[in-house]
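Undergrad: If you scroll down you'll find the structure; I have some questions about it.
The values are calculated or read from the model by the stated rules, or taken from the named source; none is laboratory data. Every value quoted in this text rests on a predicted model; they were computed, and no experiment measured them. Glycine also receives a Cβ, built like all others from the backbone with ideal geometry; neighbour counts cover every protein chain displayed. Heavy atoms of the whole protein, side chains included, go into the accessibility calculation; ligands, DNA and RNA do not. Shrake-Rupley method; radii C 1.70, N 1.55, O 1.52, S 1.80 Å.
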Amino acid sequence: MKVVEVKPYKLKLSQYDPYTETYEKKALNERWHRLGRSSEWIQRDVMSALLLQCADIENDKHIPTEVIKTLEGAKQLLRDAGYVI
């Protein structure tokens, strides 16, 4: 097992949208993240976890193509669990 410290202020996990490659600051009480310009929404903490899983941690960079590929592959399961609406 390897523990890696993440710099949250660099990656801004709860603000990043891999579909538009933009950042949008959200209030703490905003619990849902819109997927690009679609009508779909994902639970904010789930999106942050996906972003972290697919990030280049050593260089503090997002890899949007990996996030989208992972999310699209898991979207139906997330929808069934209520994390994507």
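Undergrad: Tell me, please, whether a residue that is surrounded by 11 or more Cβ atoms within 10 Å (Cβ to Cβ), part of a loop (DSSP other than H, G, I, E, B) and among the aromatic types (Phe, Trp, Tyr) can be found in region 23-32.
TA: From region 23-32, those surrounded by 11 or more Cβ atoms within 10 Å (Cβ to Cβ) are 23-24, 26, 30-32; that's our starting set.
This time we only want the ones that are part of a loop (DSSP other than H, G, I, E, B), so: 24, 26, 30-31.
With the extra rule that they be among the aromatic types (Phe, Trp, Tyr), the set shrinks to none.
The answer is no; no qualifying residue exists.
Undergrad: Restricting to region 33-44, count the residues that are open to solvent by 50 Å² or more (accessible area, probe 1.4 Å) and under 14 Å from Leu71 (Cβ atoms).
TA: Residues of region 33-44 open to solvent by 50 Å² or more (accessible area, probe 1.4 Å): 34, 37, 39, 41.
Still in the list and also under 14 Å from Leu71 (Cβ atoms): 34, 41.
Qualifying residue count for the region: 2.
Undergrad: Just a yes or no: is a residue in region 62-75 within 17 Å of Tyr9 (Cβ to Cβ) and crowded, with 16+ Cβ neighbours inside 10 Å?
TA: Restricting attention to region 62-75, the residues satisfying the condition of being within 17 Å of Tyr9 (Cβ to Cβ) are 62.
Narrowing the set further to residues that are crowded, with 16+ Cβ neighbours inside 10 Å leaves 62.
Yes.
Undergrad: Among the residues of region 1-22, which ones are open to solvent by less than 100 Å² (accessible area, probe 1.4 Å), charged (D, E, K, R) and either over 14 Å from Leu71 (Cα atoms) or out of contact with any Gly (no Cβ under 8 Å at 6 or more places or on another chain) (or both)? Lay out the reasoning, then the answer.
TA: Narrowing region 1-22 to residues open to solvent by less than 100 Å² (accessible area, probe 1.4 Å): 4, 6, 8, 11-20, 22.
Okay, now just the ones that are also charged (D, E, K, R), so 12, 17.
Within region 1-22, Lys12 is the sole residue that qualifies.
Undergrad: Select from region 47-58 the residues that are open to solvent by 30 Å² or more (accessible area, probe 1.4 Å), of a type outside the set (D, E, K, R) and closer than 19 Å to Thr22 by Cβ and list them in ascending order. Let's see the steps before the verdict.
TA: Taking region 47-58 and keeping what is open to solvent by 30 Å² or more (accessible area, probe 1.4 Å), we get 49, 52-53, 56-58.
Still in the list and also of a type outside the set (D, E, K, R): 49, 52-53, 57.
Selection gives Leu52 alone.
Undergrad: Mind listing whichever residues of region 42-61 are over 14 Å from Ser14 (Cβ atoms) and either part of a loop (DSSP other than H, G, I, E, B) or over 11 Å from the mean Cα position of the chain (by Cα) (or both)? Full working, then the answer.
TA: If we filter region 42-61 for residues that are over 14 Å from Ser14 (Cβ atoms), which is where we start, we get 53-54, 56-61.
Once the filter is applied, which keeps residues that are over 14 Å from Ser14 (Cβ atoms) and either part of a loop (DSSP other than H, G, I, E, B) or over 11 Å from the mean Cα position of the chain (by Cα) (or both), region 42-61 yields Cys54, Asp56, Ile57, Glu58, Asn59, Asp60, Lys61.
Undergrad: Could you list, in sequence order, the residues of region 1-38 that are of a type in the set (Gly, Ala, Ser) and touching a residue at least 12 places away in the same chain (Cβ under 8 Å)? Give the steps one after another, and end with the answer.
TA: Taking region 1-38 first, the residues of a type in the set (Gly, Ala, Ser) are 14, 27, 36, 38.
Ser14, Gly36, Ser38, listed by residue number.
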